[in-house]
Amino acid sequence: MGHFGVHANPDERGYLLDLQANLLADYNTRVVVPLMPLDHSPTPAAG
């Protein structure tokens, strides 16, 4: 099983980084990180 996969985001501009690991292989789910152009990203929360 590959640990990282990059896929085109079907809903927006950018990509989805799939962070699958053998530790999560028994679950029917994925952990993904959206990768998008800076001008299309949400504003960070002020702290």
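Observations on the model:
- Altogether, the Stokes-Einstein calculation at 37 °C and 0.692 mPa s, with the Kirkwood radius of the chain over Cα pairs as Rh, returns a diffusion coefficient of 267 µm²/s.
- Karplus 3J(HN,Hα) series, Hz, for segment 22-37 with 6.51 cos²θ - 1.76 cosθ + 1.60 (x for Gly, Pro): 4, 4, 9, 5, 7, 9, 8, 8, 9, 10, 10, 10, x, 10, 9, x
The numbers here are math on the coordinates, done by the rules we state, and not lab data. This is a predicted model, so every value here is computed, not measured.
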